[in-house]
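Heads up: the structure comes next, in structure tokens.
The values are calculated or read from the model by the stated rules, or taken from the named source; none is laboratory data. Quantities reported herein were computed from a predicted structural model and do not represent experimental measurements. Note that we place each Cβ from the backbone using ideal geometry, even for glycine, and neighbour counts take in every protein chain shown.
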Amino acid sequence: MRTISIKPLRAFEVSVEAEVISPDRLAALTFGQIRALEVWLGNRKRKLSDLFRVEGDEAPASPAETLVRLEGDFSRVKRIAEGMTAGTVEVLGGAGMHAGNGMKGGQLSIQGYADDWLGREMRGGKIIVAGSAGNYVGAGYRGEKCGMRGGEIEISGSAGAYLGEHMCGGSIRVSGDAGDFPGAANQGGTIYIGGSTYLPGAEMTKGTITVGGNARVLPGYQKADVVTIEGREYQKYLGDLVEKGTGELLVAAS
Amino acid sequence: MIQEDVICSFCGCLCDDITAEVEAGAVSRVRHACRLGASKMMGHDRIKGPMIREDGTLVEASYQEAYDRAAQILLAARRPLLYGWASTVCEAQEKGVLLAEEVGGVMDSTATVCHGPSVIGIEEKGLASSTLGQVKNRADTIVFWGCNPAEAHPRHSLRYSSNVVGRFTPLGRAGRKIVVVDIRETRTSKNADKLVLIEPGSDYEVISALRMLVSGKAVIPERVGGVDKADLVALAEILKRAKFGAFFFGLGITHSRGRYKNVDNALSLVAELNSYTKFVVMPMRGHYNVAGIGQVLAWSSGFPMSVDFARGMPYFNPGETAACDLLARQDADAALIIAADPASNFPRSTVQALARIPVIQIDPYENPTTLLSKVVIPSAIAGIEAAGTAYRMDGLALRMKKLIDSPYPSDEEIIGQILESVKRQREMSAGGAAR
Amino acid sequence: MIVKGGTVYDPANGIFGEEMDICIEGGRITEKAAGEEIDAKGLLVMPGGVDAHSHIAGKKVNTGRIMSPGDSRSGVEPRTAVCRPSTGYTVPNCYAMGYRYARMGYTTVFEAATPIIDARHTHEELKEIPILDKGALTLFGNNWEVMECVHDRDIPKLAAYVAWGLQAARGYGVKIVNPGGGEAWGFGTNVKGVHDPVPNFDVTPAEIIRGLAQANEMLRLPHSIHLHFNNLGKPGNYSTALETLELLKDIKPSRRRQVVHVAHMQFSSYGGTSWKDFESRAPDIADYFNKSSHATMDMGQVIFGNATTMTADAPLEYANARIAHAKWSNYDIELEESSGVVPWVYGRKMLVNDVQWAIGLELALLTKDPWKVLLTTDHPNGGPFVNYPEVITLLMSRPKREAEIATQHEMAPKRSTIATIDREMDWGEVAVMTRAAPARVLGLAEKGHLGPGADADITIYDLKPNEVDPSVDHALVKKALAAAKYTIKGGAVVAKEGEILQAPLGRTYWVQAEVPAADAQRLMVDLQEKFDRYYSIQLSNYMVQDAYVANPVVIRPPAREAAKEVA
Amino acid sequence: MKAIMISGRTLAQGVACENKMSADFLAATSVCSLSQGDYQQLGLLEGKNVLLKNGFGQAVLSARSDPGLPAGVVFIPMGPWANALVGSDTGGCGTPQFKGVEVEVEATEAPVLGVRDLFRDITKGVEA
């Protein structure tokens, strides 16, 4: 296992885009090559080493055998682990927007807060957030039919609005509350929300949303039976009928 | 001198039947315009000349000094925000896109604090619309949802909607059914046949209920968003019985909880109504050319607002690249504000962030944004002192006239001069580096 | 400048694969020239490509961009010293339109549909499209004034309106889309056929089409009427196509050209009674074109993958949106038109899409005379124009077609004759379909050929016709066509091996036709009333101002004397 | 008293919006309309002011009763006074929530700030 640790050299005056920070891009490279990789500080093209210190094991490895550890403040560093297919990325603090964009495999873990668009258009792999996450977790790009298609996202804290918008597959688990409109227009996949939320499953056509707390339910949902899952009773709804949906919405009977 | 068929540069109605009398280089009398348009055309106190802030206070400067200082600020910035653009003409906006490309900035318009959610809704569902003349000639049923044209677009009802007479609407107001959906009574609702009062923030649920009823699914709760099922059933019937229906919506939808989802749902409602009758939908755009900046940005960058050119190619993602987001996240390190007043129209904490970065203001008038600005460049008023193109709320392009000569340069010229200064200073510094 | 020793295909001048030099002076082809020499030894040399039907500018195009940010994020290319940034695949931004056409060796492109009242917007975008020479066809098929003149059998007044409309729109020719249907859509209905009366106007599509054709010839316009049939896109619509073509047989052309150009014929060559028994009727259509001489067509070839459908045929777009449960934009235009935009995907394993793909190719391959068939994808309705090299290689290689068919729905070959067609086009035929014929169909004397006096628009492909067999080496051919070795526009090299070297602003063609003052006066009485009572803007603010037309080229048809006999 | 704040366009605000440093703009946009019931419940009279506050900020506005408003809803014309009460969060879609903002409303003797004073704490940084 090759471990590469990356630390910001300073607080960044504007956000940084660093989609190169992923095992797929780094695994086979020498430190010299890694330091020369291109990142963007706003509109300025920079070498990775202009903004970050790189340490760890020299010897190249396969992406699957590579651990990228991000230490320090990455909350303004966007697109971490974008498109990663294998290996591990550990963010010891918070992560900027678009972490795990289009991720296909491997594992991304974030100890702090994950900013908006976490796991956008994710295809596979696993994202674990020990803190909370922002808006559009596992969502799609503006105007596109499909967001997340596969993989798993687990958030120990709460999540923002539009959780899993346009989701077509995979699963998202949020232990705390979720903001407005989770699972909007989703066509598959499963979402679990431990806490409360607002108007889940708007225009959902397929898939399952389970809410452990309270939820305001849309008029396009029809009450079905009460089901018991792991000893807990849930009121089941089917919808969203505005889209002739057959999605399942389960809200804990309080 | 009397000028006929002048185009008003206040709101998205872009009324083009205004008569203006010009005396001694000033507009002395305006006819046919509403209070809003007349007030703008008659003019107010102007910023006298360019100013640059020196240790805290704005001091007079030459235009060239102001252009050069503005260019320095933009060149030094890592993520400059070029914001506003809704109250100027397309020719200035096109120059603005060039400038944004040149300095790797973010080009955003006032749409992001008005109908930006409408744009995102349109990206989800498309927009089933028409020109306003189509509504004038055909509409027998008109819905005003979360909008108050009687105060924001005073001549809308007389020229295009409720009260106008057209080919298939010979009775005008008498032949039409006007419905207002809002959370309160308004001047507009006083001219309506039916007012449906809903709870604040319940637009999405009420629209969903209507979509259910329109498609014949009667199984909805007894009360939705504070409205009785019976009222919703009646409203759904009115919509389906229309021969030609028009659905106008405003900030009551885009500024409330749900934002673009409310619009998204309304667009679906209208699309579905077309399975039963003819229906069109249109956002009530505020600034006279806020529609134009969307068109200009779309044909030049592919995206209608919030376009980030930082990496030399357009990137679009409102929520990340919109003015309010960049400021709230302190992710813009300079701002050029043209034909807009974010200090008044943005949330307080966002304005505080704006005050922390160098601001260049281009505007005919002093306003609270002036108080935060490092460089102030007074400009001619497009549509009165400068000609150019504007897009009406329905997308029709019209050519604004120049009525009077102005000592002030046009927005187009100012942006062009800043662009030239940017190129010149960049070459000089490159040359300097070489030496 | 001299292009030395190329293998030249210039069908308009009867040149098919001759090795010769081409001389350029002052932006035009000349007998002699001095100066820079470009070595084209043995390479394929053709006139610059001409596209007579493409949706490149105006409200529909921009609506396509605005409603699909996902399309704009594809095909992104950064700004360079020469180029503005590029975005989009099915609906590129204005700059990408110019660069991508130029890379393929195209130098002239005509926008296919502009309502008069929206023409200002169209020209705003045309002036942002670099390199290309352009023009815009103007929509007349649903205008109230047109229908009223037709109803009154007043062809001279109709001609006056057409002339006025072209002037107002700075337009090039008469486009007719689903005549009468656009008006009917104003109240949510459509016309069912050419003899189905238009609600509230007591005229039929057939009368509108004939009237506009007569007016078009009365005005001696360089281009014929350019017609998008009623019932387009519907199973069984080939009969509407044949019925409509018969309507125009007896009309005398005022110039040496067709009387009608049929837009994207593929979408109107459908058999069957529903999408279930949907089948190709392209052979019937091709047979008609082989037997008659008054009509030309363009293919409207379908390309698998993403497309954006955009047309003034608004009822069709609503149907599309409902079938595909896709997003839907609609734009009805007071007194003039309606239109719609719907993002689309053509699936390789979708039987209907496979048949549509086959029909476009059948039309080109079964119609004997290539001068009657222009190569288009009806960009971006059938697919984006960047796929022209794919279409050309399909026409030139039966093995490529067979390989394609093998990847499609197993039922597909039974629904068309494509699998049985041996014909493989040669470079001469390709040069006709992509250069000579579009220029002749549009009536552009200085385009589409390399004779003295022609514009020096020349394409040199990195491909030796005498060494390469397109039937076998189709992959190699496609690559060469996608990025010309040289694209020369007006005597300047604008693109080299896919790189844009310079991006000058091209010209905009429009047509100013003369009509008798008396007809114009009668017309203005009508129009003044329409603006006073029905339009939502003033007459004085309606016409496109000169400020919007960059580098205009005004074509003035010869004054008419044959007016009466045509009428 | 708890209330939901709505901001929006008015004719007077529109007439003065190109003249923002004027008394007209101040008069047009530093006004809070309340339902008749709420107006009475807070013991408001002609010329009385209200203090609105929430987690985002606070503002003193002159009070007016509007029979068209439902109980528990207050209206302020769009402008800097209303925006003192609006949060910067855009919910990921670029647009702050200018309507439906929870506020605490009380009668006050405090004066309505002029436009320059309203921005004083923000501008002093710039002017320093």
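With a requirement of 3 or more residues that are under 30 Å from C:Tyr548 (Cα atoms), the helices (runs of 4 or more DSSP H) lying completely within segment C:425-511 that satisfy it span C:437-442.
When C:Ala321 is tested against (1) touching a residue at least 40 places away in the same chain (Cβ under 8 Å); (2) touching a helix residue (DSSP H, G or I) at 6+ places or on another chain (Cβ under 9 Å), exactly one condition is not met: (1).
A quick yes/no check of all residues on (1) more than 9 Å from chain D (Cβ to nearest Cβ); (2) crowded, with 24+ Cβ neighbours inside 10 Å; (3) among the polar types (S, T, N, Q):
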{"site": "B:Val290", "(1), (2), (3)": "yes, yes, no"}
{"site": "B:Leu297", "(1), (2), (3)": "yes, yes, no"}
{"site": "B:Phe303", "(1), (2), (3)": "yes, yes, no"}
{"site": "B:Pro314", "(1), (2), (3)": "yes, yes, no"}
{"site": "B:Gly319", "(1), (2), (3)": "no, yes, no"}
{"site": "B:Ile357", "(1), (2), (3)": "yes, no, no"}
{"site": "B:Asn367", "(1), (2), (3)": "no, yes, yes"}
{"site": "B:Ser373", "(1), (2), (3)": "no, yes, yes"}
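Do the conditions hold for B:Arg311, that is, is it assigned to a loop (DSSP other than H, G, I, E, B), under 30 Å from B:Lys40 (Cβ atoms), of a type in the set (Lys, Arg) and touching a residue at least 24 places away in the same chain (Cβ under 8 Å)? Answer is no for this residue.
Among the residues of segment D:1-38, just one is within 16 Å of D:Leu69 (Cα to Cα) and more than 14 Å from every other protein chain (Cβ to nearest Cβ), namely D:Met1.
Taking the condition more than 9 Å from every other protein chain (Cβ to nearest Cβ) and in a loop (DSSP other than H, G, I, E, B), does B:Gly216 pass? So B:Gly216 fits the description; yes. Screening the candidates C:Arg415, C:Arg423, C:Arg398 for the property of being in contact with a strand residue (DSSP E or B) (Cβ under 6 Å, 6 or more places away or on another chain) and surrounded by fewer than 24 Cβ atoms within 10 Å (Cβ to Cβ) yields one hit, C:Arg415. Being buried (at least 16 other Cβ atoms within 10 Å of the Cβ), touching a Ser or Thr at 6+ places or on another chain (Cβ under 7 Å) and within 30 Å of B:Leu327 (Cβ to Cβ) is true of A:Arg76. No other residue among A:Arg173, A:Arg142, A:Arg149 is at pLDDT 95 or above and assigned to a strand (DSSP E or B) apart from A:Arg173.
For B:Glu60, the conditions (1) more than 29 Å from D:Gln13 (Cα to Cα); (2) out of contact with any Gly (no Cβ under 7 Å at 6 or more places or on another chain); (3) modelled with pLDDT of 95 or more are fulfilled apart from (2).
Tell me which residues, restricted to segment C:401-412, are hydrophobic (A, V, I, L, M, F, W, C), in a helix (DSSP H, G or I) and surrounded by fewer than 21 Cβ atoms within 10 Å (Cβ to Cβ). Break it down into steps so the answer makes sense when it comes.
If we filter segment C:401-412 for residues that are hydrophobic (A, V, I, L, M, F, W, C), which is where we start, we get C:403, C:405-406, C:411-412.
Right, trim to in a helix (DSSP H, G or I) and you get C:403, C:405-406, C:412.
Scanning segment C:401-412 gives C:Ala403, C:Ile405, C:Ala406.
In segment C:140-161, the residues that are among the hydroxyl-bearing types (Ser, Thr, Tyr) form Cβ pairs under 6 Å with partners that are assigned to a helix (DSSP H, G or I), at six or more places apart or across chains, as follows: C:Tyr161/C:Glu145; C:Tyr161/C:Leu523. Exactly one residue among B:Ala335, B:Ala386, B:Ala380 is surrounded by fewer than 24 Cβ atoms within 10 Å (Cβ to Cβ), away from every other protein chain (no Cβ under 11 Å) and under 16 Å from B:Trp85 (Cα atoms), and that residue is B:Ala380.
Any residue at all in segment C:525-546 that is farther than 25 Å from C:His449 by Cβ, away from chain B (no Cβ under 14 Å) and in a loop (DSSP other than H, G, I, E, B)? The answer is no; no qualifying residue exists.
C:Ile66 - would you say it is touching a residue at least 24 places away in the same chain (Cβ under 8 Å), surrounded by 24 or more Cβ atoms within 10 Å (Cβ to Cβ) and more than 18 Å from C:Glu499 (Cβ to Cβ)?
Numbers: touching a residue at least 24 places away in the same chain (Cβ under 8 Å): no; surrounded by 24 or more Cβ atoms within 10 Å (Cβ to Cβ): yes; more than 18 Å from C:Glu499 (Cβ to Cβ): yes.
Against the criterion (touching a residue at least 24 places away in the same chain (Cβ under 8 Å), surrounded by 24 or more Cβ atoms within 10 Å (Cβ to Cβ) and more than 18 Å from C:Glu499 (Cβ to Cβ)), C:Ile66 does not qualify.
Criterion applied to C:Gly451, C:Gly443, C:Gly382 was being in contact (Cβ under 8 Å) with a residue 40 or more places away in the chain, buried (at least 24 other Cβ atoms within 10 Å of the Cβ) and among the small types (Gly, Ala, Ser), and the one residue passing it is C:Gly382. Please specify each residue of segment C:140-155 satisfying the condition of being among the aliphatic types (A, V, I, L, M) and more than 12 Å from C:Asn200 (Cβ to Cβ). Selection gives C:Val146, C:Val150, C:Ile155.
Screening D:Gly94, D:Gly68, D:Gly79 for residues that are closer than 19 Å to B:Glu199 by Cα and within 14 Å of another protein chain (Cβ to nearest Cβ) leaves exactly one candidate, D:Gly68.
Of all residues in segment B:223-281, those being basic (Lys, Arg) and either at the interface with another protein chain (Cβ under 9 Å from one of its Cβ atoms) or outside any helix (DSSP H, G or I) (or both) number 6.
Scanning segment D:17-44 for residues that are surrounded by fewer than 23 Cβ atoms within 10 Å (Cβ to Cβ), farther than 21 Å from D:Gly100 by Cα and touching a helix residue (DSSP H, G or I) at 6+ places or on another chain (Cβ under 8 Å) turns up D:Glu18, D:Asn19, D:Met21, D:Ser22, D:Asp24, D:Leu26, D:Ala27. If only residues of segment C:44-69 that are within 14 Å of another protein chain (Cβ to nearest Cβ) and polar (S, T, N, Q) are counted, the one that is nearest to C:Gly451 (Cα to Cα) is C:Asn62.
Filter segment D:97-128 down to the residues that are closer than 30 Å to B:Gly121 by Cα and assigned to a loop (DSSP other than H, G, I, E, B), then identify the one that is nearest to the other protein chains (Cβ to nearest Cβ). Checked segment D:97-128; the qualifying residue nearest to the other protein chains (Cβ to nearest Cβ) is D:Phe98. Scanning segment B:63-96 for residues that are out of contact with any strand residue (DSSP E or B) (no Cβ under 9 Å at 6 or more places or on another chain) and over 18 Å from B:Arg424 (Cα atoms) gives a single hit, B:Glu94.
In segment B:78-137, of all residues being of a type in the set (D, E, K, R) and closer than 22 Å to B:Ser9 by Cα, the one that is surrounded by the most Cβ atoms within 10 Å (Cβ to Cβ) corresponds to B:Asp108.
For segment A:1-58, the set of residues classified as charged (D, E, K, R), assigned to a loop (DSSP other than H, G, I, E, B) and touching a Ser or Thr at 6+ places or on another chain (Cβ under 9 Å) consists of A:Asp57, A:Glu58, listed by residue number. Which residues, counting only those in segment A:13-37, are surrounded by fewer than 20 Cβ atoms within 10 Å (Cβ to Cβ) and facing chain B (nearest Cβ under 10 Å)? Within segment A:13-37, just A:Glu13 meets the criteria.
Each row is one residue, and each column tells you yes or no for (1) touching a strand residue (DSSP E or B) at 6+ places or on another chain (Cβ under 8 Å); (2) more than 25 Å from C:Val174 (Cα to Cα).
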position: C:Arg256; (1), (2): no, no
position: C:Val260; (1), (2): yes, no
position: C:Trp275; (1), (2): no, yes
position: C:Pro283; (1), (2): no, yes
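Of the residues making up segment A:1-54, those that are of a type in the set (Gly, Ala, Ser) and under 25 Å from A:Glu65 (Cβ atoms) are A:Ser5, A:Ala18, A:Ser22, A:Ala27, A:Ala28, A:Gly32, A:Ala36, A:Ser49.
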